[in-house]
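> Starting off with a structure, shown below.
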Amino acid sequence: MSLTRRNVLAGSGALLLLADLPALAAGVYPNHAIKLIVPYPAGGTTDLLGRLVADHLKSGLGVSVTVENRPGVGTTLGAELVAKSDPDGYTLLMATSTTLAINKALYKELPYDPVKDFAPIALIAGVPFVLVVNPAIPVKSLTEFIAYARSKPGLAYGSAGSGSPQHLGAEMLKAASGIDIRHVPYRGSMPALLDVVAGHIPFMVVDLRPALQQIREGKVRALGVTTAKRVAAAPDLPTLAESGLPGFDLVAWQGVVAPAGTPRGIIDQLAGQIGRLTTDPATRAKLTSLALEPLPASTPDSFAAYIKAEVDRWAVIVQKSGAQIH
């Protein structure tokens, strides 16, 4: 059969169409597995929340969503990995107030810019903290604790590490109450909390989730939560604000971001999926069971504005604490 001009053009069109198939497929998001980087070890609060988000995205988007733990250097290793990833929506970060707000003031040389290097997607939950003391300390209220601390200048407290929300929360307590306390940094909340249980250090400000069991078993005494309102997971615990420190408010937060430059259509698609998660009653109950506080629905733009405001807010707290990592 002889080739006519029409045959050649038709064949060329078919070849061009075949050549464009990868490009067409690439425009359909998502078309392969998504990776969610958690810059903390497995088993912690951020990891558990990340896996909840991953399961929800998997169901909503119809693709595999894997959680990859990349802890280290105050969450900067995982954050830098995501900041330098392709902005295609296939590498996301479980971001916290440490990663995107505190670290900006804490590190002299941060390997990423919290505002410029990420595309905010959605804010998910707040992390409340609680002031706990060893039961041998003769105090049962915040007022009694402040009086006790004033009678013992240099009273030691533990934290999850220099510049951690636990450290900064205790420094906020110090500034608000005028007590003289001494910081003892640990490698994480649990080692510090266990030393409070053992009586090696008298008190600390700790995230509520790991402390709840110890509180219920009477191994530590809770004097108040750091949130502006009482926490759903422990409604019987008063706030520090209502106990004598008006305006005291310490809440860490968790959300999801992508590398800067990720197409807005992809960001909006992911935000819509996560938005459904945060408004689902069953999911909100699950967050409460993890001692997290579900936050009001956000948009990528409102989350971006929130991050900028938090960078400024935490910079003041870090500066007052004197914490800095070179």
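The values are calculated or read from the model by the stated rules, or taken from the named source; none is laboratory data. Note that the coordinates shown come from a computational prediction; the quantities given were computed from them, not determined experimentally. All Cβ positions, even for glycine, are placed from backbone atoms using ideal geometry, and neighbour counts span all protein chains on display. For the accessible areas, the whole protein counts, side chains as well, though only heavy atoms, and no ligand, DNA or RNA atoms are used. Shrake-Rupley method; radii C 1.70, N 1.55, O 1.52, S 1.80 Å.
> Can you bin the stretch 114-226 into rounded, prolate or oblate? Criterion: square roots of the alpha carbon gyration tensor eigenvalues sorted a ≥ b ≥ c, rounded for a/c under 1.5, prolate for a/b above b/c, oblate for the rest.
Cα axes put the stretch 114-226 in the prolate bin.
> Tell me, which longest segment in the chain has none of the trypsin sites (Lys or Arg not before Pro) that fall in DSSP loops with at most 10 further Cβ atoms within 10 Å?
188-326
> Additional query: Can you name the helices of the chain, as whole DSSP H runs, whose Cα span along the helix axis is 27 Å or more and whose Kyte-Doolittle mean is not below -1.0?
Helix filter hits for the chain: 5-26, 300-321.
> Counting Lys and Arg as +1 and Asp and Glu as -1, each charge on the Cβ, what is the dipole of the stretch 114-243 about the Cα centre in debye, to the nearest 20?
80
> Ignoring ligands, DNA and RNA, what accessible area per residue does the stretch 283-325 give at 1.4 Å, in Å²?
52
> So what's the back-of-envelope 222 nm ellipticity for the chain, counting only DSSP H runs of four-plus at -39500 (n - 2.57) apiece and dividing by all residues, rounded to 500?
Result for the chain, helices only: -13500 deg cm²/dmol.
> Mind running the shape call on the chain? Use the C-alpha gyration tensor, a ≥ b ≥ c as the square roots of the eigenvalues: rounded below 1.5 for a/c, prolate if a/b tops b/c, oblate otherwise.
prolate
> With all protein chains present, how much of the accessible area of the stretch 200-326 (probe radius 1.4 Å) comes from carbon and sulfur, to the nearest whole percent?
On the stretch 200-326, the fraction of accessible area on carbon and sulfur atoms equals 54 percent.
> How large is the charge dipole for the stretch 202-326, taken about the Cα centre, if only the Cβ atoms of Lys, Arg (+1) and Asp, Glu (-1) carry charge, to the nearest 20 debye?
So the magnitude is around 200 debye.
> Moving on. Of all beta bridges DSSP finds with both residues in the chain, what is the antiparallel percent, to the nearest 5?
If I count the DSSP bridges inside the chain, around 60 percent turn out antiparallel.
> Separate question: Scanning the chain for GluC sites (Glu not before Pro) in DSSP loops with at most 16 other Cβ atoms within 10 Å, what's the longest stretch left with none?
Here the longest run is 1-108.
> Also, I was wondering about something else. For a test of the definition: using alpha carbon positions, the gyration tensor, and the 1.5 limit on a/c, classify the stretch 246-326 as rounded, prolate or oblate.
Oblate, because a/c is 1.5 or more while a/b does not exceed b/c.
> Just to be sure I follow: if Rg is taken over the C-alpha atoms of the stretch 74-148 and Rh is the Kirkwood radius over the same atoms, what is Rg/Rh?
1.21
> Excluding ligands, DNA and RNA, what is the solvent-accessible area per residue of the stretch 59-121 at a probe of 1.4 Å, expressed in Å²?
Value returned for the stretch 59-121: 38 Å² of accessible area per residue.
> With +1 on each Lys and Arg Cβ and -1 on each Asp and Glu Cβ, and nothing else charged, work out how big the dipole of the chain is about its Cα centre, in Debye to the nearest 20.
It works out to roughly 200 debye.
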